[in-house]
Amino acid sequence: MTTHDAAPVPEVRARPFAHRAHRWRTAVVMIIGLVVVVIGAGVLWVFHESSSSGPPGRQVIVTVRPGTGTGQFASMLVSDRIIGSALAYRIWNLVDGVTIQPGRYALRRNSSFGAVDGIVGNGPNVFSLVVPPGFTVSELARRVGQLPGHDAGHFATVAASGTVRSQFGPTGSHDLEGLLAPGTYTVMPGETDTQLLTQMVDRFDTTADALGLVAGAGRLGLTPYQVVIAASIVEKEGVIQQNLGPVARVILNRLADNMPLQMNATVLYAEGRDGGAFTSSDLTLQSPYNSYLNKGLTPTPISFPSEAALAAAINPPPGSWLYFVVVAADGTEAFSSTYAGQLANEALAARRGVP
């Protein structure tokens, strides 16, 4: 009997492609899982950083220049310790971004991202108020009324109420004309008109004390308030620095000689004007501020004097001048002790074409 070898059983081998596909799917799942974990951790980190790190700290002012981007703004916030992470804030603002307008912002340290955006999203909340020398209360009220949250009429009412007073104001008077210091003031969010006026009065009183107003007034035989009145007229009539001292001396000499001051600025104040044409009809205005018709100082100051004008009124230079007139386009004034000298100076001004 013939025997045959059994047919060989074919060897079953794993398919290389199937193994590779399995490994690839496993790797993809692991990568996706890792990405999800990383993203989740990142989201949790951003939300953690977006919360305040403690109770709100002191208020600081952040100035945003034109062209400032979110990244630069975030770095400023970190530098001022308002937030803890610039990167987290930038990521946060990819979703919940606000437009950053140029200006100044009052923000508190240890703020949440939401608190920062709530303020920044409404635009700047810190403003500069510039009060020029020579301004009046009414002019100031109009300027304050241009600030968000303020009203010109309310400011004027508070200024006249007596709520805020200067130590140099006369007894019984609520008038702050001339008793508010010119300069630049920072107006913070929520700051009231009373607080703003208090700053201005305090700055004036501090300046007047430093200049020796009380002692200077005593030497001149005037009250401190009278010196302030004189300084306010000096501010309006002196035009430029070099004229202030001589103008102050003219005022004192005219007072001593019982002469009317004859200062145009006092009449213009009564008319509610600041400069402009001055005609013969203005001279007849019936007002205690018309220093052509009335002798002595005006009842109140007519402007906020600068520190230089106040210093000139407290310590005027010696001289016998009684007259002055502008003789040059730059505001230079010529002074004389006689009316003949005044006429000569007026002729000089006319030749030079000075109005």
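Within 10 Å, count the other beta carbons around each residue, average over each peptide in 275-286, 343-354, and list them highest first.
Numbers: 275-286: 10.5, 343-354: 13.4.
Result, highest mean first: 343-354, 275-286.
If we sort 249-255, 132-138 on the protection proxy, mean other Cβ atoms within 10 Å, highest first, what's the order? Walk me through the numbers on the way to the answer.
Details: 249-255: 21.6, 132-138: 17.9.
In decreasing order of mean packing, 249-255, 132-138 become 249-255, 132-138.
Please state the charge dipole magnitude for segment 59-120, taken about the Cα centre, from unit charges on C-beta atoms (+1 on K and R, -1 on D and E), reported in debye and rounded to the nearest 20.
Values: 6 positive and 3 negative charges, 40 e Å.
Roughly 200 debye, rounded to the nearest 20.
Could you work out how much longer the chain between residue 332 and residue 160 gets when fully extended? Use 0.36 nm per residue separation minus the Cα distance between them, nm to one decimal.
Values: separation 172, 0.36 × 172 = 61.92 nm, distance 3.61 nm.
Going from the current span to full extension adds 58.3 nm.
Once a ≥ b ≥ c are taken as the square roots of the eigenvalues of the Cα gyration tensor of segment 243-355, is the result rounded (a/c under 1.5), prolate (a/b larger than b/c) or oblate (a/b not larger than b/c)? Don't skip to the answer; put the middle values down first.
Details: a/c = 1.36, a/b = 1.09, b/c = 1.25.
Taking the square roots of the gyration eigenvalues as a ≥ b ≥ c, segment 243-355 is rounded.
Let me know the charge dipole size of segment 210-351 about its Cα centre in debye, to the nearest 20, where only the beta-carbon of Lys, Arg (+1) and Asp, Glu (-1) is charged.
Value, rounded to 20: 300 debye.
For residue 152 and residue 271 in one chain, what is 0.36 nm times their gap in residues minus the Cα-Cα distance, to one decimal in nm?
Working: separation 119, 0.36 × 119 = 42.84 nm, distance 1.98 nm.
Separation in residues times 0.36 nm, less the Cα-Cα distance, equals 40.9 nm.
Explain nothing, just compute: Karplus ³J(HN,Hα) = 6.51 cos²θ - 1.76 cosθ + 1.60, θ = phi - 60°, for every residue of segment 305-310 in order, whole Hz, x for Gly and Pro.
x, 6, 4, 5, 5, 5
Which value, in debye to the nearest 20, gives the size of the charge dipole of segment 127-208 about its Cα centre, when Lys and Arg are +1 and Asp and Glu are -1 at the Cβ?
Details: 4 positive and 8 negative charges, 17 e Å.
Charge dipole of segment 127-208: 80 debye, to the nearest 20.
5 Å is the cut-off here: which amide hydrogens, built 1.01 Å from N in the peptide plane, fall below it relative to residue 306, excluding neighbours closer than 5 in sequence?
Long-range HN contacts for residue 306: 134.
Quick check for you: which residues of segment 108-148 have the amide N under 18 Å from the point 7 Å beyond the Cα of residue 80 toward its beta carbon?
108-129
For segment 333-345, just list the computed ³J(HN,Hα) in residue order, Karplus coefficients 6.51, -1.76 and 1.60, θ = phi - 60°, integers in Hz, with x standing in for Gly and Pro.
Each residue of segment 333-345 in turn: 10, 10, 10, 9, 9, 10, 5, 4, x, 5, 4, 5, 5 Hz.
Arrange the peptides 62-69, 323-330, 198-205 so that the one whose residues have, on average, the most other Cβ atoms within 10 Å appears first. Write down the numbers at each step before the final one.
On the way: 62-69: 12.5, 323-330: 16.5, 198-205: 19.0.
Ranked by mean Cβ neighbours within 10 Å, highest first: 198-205, 323-330, 62-69.
For segment 206-220, what does the Karplus curve 6.51 cos²θ - 1.76 cosθ + 1.60, with θ = phi - 60°, yield as ³J(HN,Hα) per residue in whole Hz, taken in order and with x for Gly and Pro?
Result, ordered by residue: 5, 5, 5, 4, 5, 7, x, 4, 4, 5, x, 4, x, 5, 8 Hz.
Read the figures in this text as sums done on the coordinates, not as results from a lab. Bear in mind the structure is a predicted one, so any value in this text is a computation, not a measurement. Using ideal geometry, Cβ is built from the backbone for each residue, glycine included, and neighbour counts are taken over all protein chains shown.
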